[in-house]
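Any read-out appearing in this document is the output of simple, stated calculations on the displayed coordinates, not a laboratory observation. Remember, predicted model here, so these are calculated numbers, not experimental data. Note that each Cβ is placed from the backbone with ideal geometry, even for glycine, and that neighbours are counted across all protein chains shown.
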Amino acid sequence: MVLAVSLDGRLAPPEGGAAQLGGAGDRRALEEALAWADGCLIGAETLRLHGSTCLIRQADLLERRRREGRPPQPWALVVSRTGRLDPQLPFFQQPVRRGLVAPAGVSSSPPAGFDRLWALPMDGSPSEPRPAVGRAVETSQDQRLLSGWPALLIELAADGLERLLLLGGARLAASLLALDLVDGLQLTLVPRLLGGAHSWLPLAPLPAAAHWQLKESRPLGDGELLLHYRRLKPNQRS
Ligand SMILES: NC(=O)c1ccc[n+]([C@@H]2O[C@H](COP(=O)([O-])OP(=O)(O)OC[C@H]3O[C@@H](n4cnc5c(N)ncnc54)[C@H](OP(=O)(O)O)[C@@H]3O)[C@@H](O)[C@H]2O)c1
């Protein structure tokens with residue numbers, strides 16, 4: 001997972017919207033992470049707000065991928081419960097392969113603008129349109145949705161997408177952290193205090209199991225600090 005966060009742990013200012021927190025050093029770190037990746041997972045709301053996804057632009061990174069025989073850009077995988085995205089978004093004109101990750105039953109073929117559809121398997125009966133009533137119904141839908149992620153990651157790996165970058169936003173990140181499916185955290189600490197409600201990790205219970213080991217820390221310039229943690233598996237803990 002790669003995020004830029006303020007010193008008080010916010011990933012967007014109090015008013016929300018399309019947040020641009022990091023500077024040039026953070027952009028380089030983000031592009032290096034993109035250059036490593038086969039695919040990027042992006043929450044639908046982040047895409048709706050930003051309109052487009054981050055691309056590798058730096059020549060040395062594009063050249064490195066070319067030498068490795070890899071496509072210039074990783075797949076952009078938009079994660080959505082509904083599949084509802086405005087086809088006018090600039091994203092649909094970007095030079096990138098687009099995948100939609102949505103619950104099984106939302107669509108049987110890739111919607112217009114997408115090259116592929118990956119269905120999130122769900123326990124129990126196929127997905128129905130989400131009823132606009134009580135939280136309990138929504139929560140049980142969410143539980144069934146979350147249960148499909150381990151199988152989806154296996155399917156993505158079988159399709160050649162083994163190195164996945166999780167680009168946020170907070171709700172998608174929280175889903176995958178709650179399932180203990182995130183192997184690494186690369187946070188750029190940005191020297192700002194933002195306040196407000198947009199914590200990078202919404203307050204929800206997390207598995208107590210997750211322990212993290214610092215793999216790298218380096219200043220990125222302009223007061224920014226990169227912190228890269230790797231998740232320790234239970235047998236690696238002292
Ligand atoms: N600072 C940074 O590095 C950074 C990075 C990324 C984003 N951001 C900021 O984060 C904010 C957006 O974050 P957010 O938390 O509001 O939204 P988000 O996580 O980007 O997107 C939420 C949407 O993703 C889909 N989704 C989330 N979890 C899912 C799951 N487990 N299964 C299926 N679909 C799932 C749903 O899409 P549907 O609505 O289609 O059902 C949900 O409404 C923006 O302000 C953005 O600028 C900051």
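Quick one: of the DSSP bridges fully inside region 2-236, what percent are antiparallel, nearest 5?
Percent antiparallel among DSSP bridges in region 2-236 is about 40.
Considering amide H positions built from the backbone, and no H for Pro or chain starts, which residues 5 or more places from Gly184, or on another chain, come under 5 Å of its amide H?
Residues meeting the amide H criterion: Arg231.
Over region 186-229, with a single point scatterer placed on each C-alpha, what log10 of the ratio I(q)/I(0) does the Debye formula yield at q = 0.28, 0.34 1/Å?
At q = 0.28, 0.34 Å⁻¹ the computed log10 ratios are -1.03, -1.11.
Given charges of +1 on the Cβ of Lys and Arg and -1 on the Cβ of Asp and Glu, with all other atoms neutral, how large is the dipole of the chain about its Cα centre, in debye to the nearest 20?
For the chain, the charge dipole is close to 200 debye.
Just flag the trypsin sites (Lys or Arg not before Pro) in region 1-60 sitting in loop per DSSP whose Cβ has no more than 15 other Cβ atoms within 10 Å. Don't skip to the answer; put the middle values down first.
Values: sites: Arg10, Arg27, Arg28, Arg48, Arg57; in loops: Arg57.
For trypsin sites (Lys or Arg not before Pro) across region 1-60 that sit outside H, G, I, E and B with at most 15 neighbouring Cβ atoms in 10 Å, the list reads Arg57.
Show me 159-171, 216-228 ranked by packing, highest mean number of other Cβ atoms within 10 Å first.
Taking the mean over residues of other Cβ atoms within 10 Å, the ranking is 159-171, 216-228.
Which percent of Cα pairs goes in each bin when the distances of the chain are cut into 10 angstrom slices starting at zero?
Using 10 Å bins, I get a P(r) of 7, 29, 38, 21, 4, 0 for the chain.
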